[in-house]
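Read through the structure below, which is laid out as structure tokens, and then see the notes.
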């Protein structure tokens with residue numbers, strides 16, 4: 001059996017396991033094998049001194065941080081070089097490896113098309129089209145908004161389709177075949193050897209001595225102003241290490257019931273699976289990422305044992321621990337056996353809070369796109385907006401100009417162990433908008449009882465802009481009847497074609 005918490009990988013272990021993926025991305029950015037190795041090596045050399053900090057953040061930080069550093073290095077080098085267009089002979093010499101026997105003749109055209117893209121568009125193509133990252137993930141790498149990433153991706157794909165004379169669906173396959181599926185990482189192994197020039201060492205020592213001299217002068221002036229007495233510095237603020245499953249924690253204690261919201265008592269909650277012998281854990285490991293957002297903390301349901309009248313038929317026994325960091329910094333541990341239904345409902349709500357915490361921003365450059373968290377939204381219609389008070393909020397004949405479809409996970413309370421599911425999103429194209437507008441032309445929303453499709457494990461959310469500039473949010477548990485702007489008593493029924501379109505767009509993917 002695996003140990004309770006697996007050890008973090010060493011630097012070389014990570015390079016052996018994941019270096020090929022980093023090298024493939026670098027190959028698409030640099031354009032040739034030597035450039036890819038140089039770019040990857042520079043990124044790994046810069047990341048090596050901070051490897052212990054990456055390890056403390058958890059496994060999810062390795063790929064994201066190194067990918068971000070790789071793209072940053074590429075963009076920085078591109079800005080510094082300002083290359084001039086190379087003649088055809090020089091380009092063919094640089095890419096001579098592509099003209100060998102057995103090479104696809106379209107590869108040279110694809111590389112030339114990539115070289116002609118602006119550096120930010122090329123980075124978006126490598127990350128979104130080939131690596132398969134979402135717009136929100138690419139936006140985090142580039143420090144851009146999802147709307148700007150979408151714009152760059154659409155411009156880049158349009159240019160590639162025009163230059164390669166292929167259809168949209170063929171671009172990704174053609175680019176993915178440009179680099180080896182599993183390039184060797186032998187040249188990336190080994191710790192970096194750092195040599196510092198003598199002048200830089202002298203400069204650093206001079207800066208240190210100058211700083212000490214300034215401190216001595218300031219201390220002397222302060223002491224003279226206070227009559228030569230001792231200066232008592234203010235106590236330093238304690239800095240807390242990131243909460244991970246390797247954080248030393250006390251033994252489990254009984255869960256406490258309190259009417260105070262969780263955000264008032266805790267600043268971080270983390271679930272750690274037990275994988276030792278005797279554990280009844282039956283799923284993949286949870287993300288090593290604590291719930292820290294205030295609304296996500298309040299969305300957690302950590303009921304003690306006996307808090308639910310009925311429990312689904314699920315394995316009973318040790319499965320996970322809940323680590324809770326208080327507002328005072330103290331750490332508390334709860335065992336799943338002390339929670340309601342052996343802790344499975346608590347784990348389900350934890351997974352939902354974790355996914356919503358990582359959802360996209362509420363708005364971006366386009367004003368409404370993205371999949372923001374739906375925690376804390378209206379659910380009873382008590383705070384309905386004026387547009388939906390007394391009359392229907394979505395009138396028949398309303399036309400939509402833009403829309404984003406999002407799929408949010410709901411708590412899973414069936415007789416199956418919960419699993420983590422991230423928030424999904426997709427921008428509707430012209431056919432999807434036409435389908436929604438056809439339903440609006442047939443009928444708008446209506447005042448009435450709550451929608452009948454409750455208890456689903458997903459929540460569908462449509463965020464759309466009308467021709468008048470109004471942004472409307474539609475929510476549903478089954479994609480058949482949508483509540484308008486969070487008011488469950490103002491619902492818009494959609495056609496079967498719209499339901500099928502949304503399910504195919506979000507669930508199938």
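Determine whether residue 230 is exposed (fewer than 12 other Cβ atoms within 10 Å of the Cβ), modelled with pLDDT under 80 and under 30 Å from residue 112 (Cβ atoms). Considered against the rule, which asks whether it is exposed (fewer than 12 other Cβ atoms within 10 Å of the Cβ), modelled with pLDDT under 80 and under 30 Å from residue 112 (Cβ atoms), residue 230 comes out as no.
Candidates in region 305-325 are the residues that are in contact with a helix residue (DSSP H, G or I) (Cβ under 6 Å, 6 or more places away or on another chain) and more than 22 Å from residue 275 (Cα to Cα); of these, the one that is modelled with the lowest pLDDT is 307. If a residue must be free of Cβ contacts under 8 Å to residues at least 40 places away in the same chain and either crowded, with 18+ Cβ neighbours inside 10 Å or not in a loop (DSSP other than H, G, I, E, B) (or both), how many such residues does region 314-339 contain? Of the residues in region 314-339, 2 are free of Cβ contacts under 8 Å to residues at least 40 places away in the same chain and either crowded, with 18+ Cβ neighbours inside 10 Å or not in a loop (DSSP other than H, G, I, E, B) (or both).
A count restricted to region 238-296 and to residues that are in a strand (DSSP E or B) and farther than 18 Å from residue 344 by Cα stands at 3. Residue count for region 133-161 under the criterion of being part of a loop (DSSP other than H, G, I, E, B) and either surrounded by 18 or more Cβ atoms within 10 Å (Cβ to Cβ) or modelled with pLDDT under 80 (or both): the result is 4.
Going by what's in this entry, would residue 106 be described as over 32 Å from the mean Cα position of the chain (by Cα) and modelled with pLDDT under 65? No; evaluated as a whole, the condition is false for this residue.
The values are calculated or read from the model by the stated rules, or taken from the named source; none is laboratory data. Remember, predicted model here, so these are calculated numbers, not experimental data. Glycine also receives a Cβ, built like all others from the backbone with ideal geometry; neighbour counts cover every protein chain displayed.
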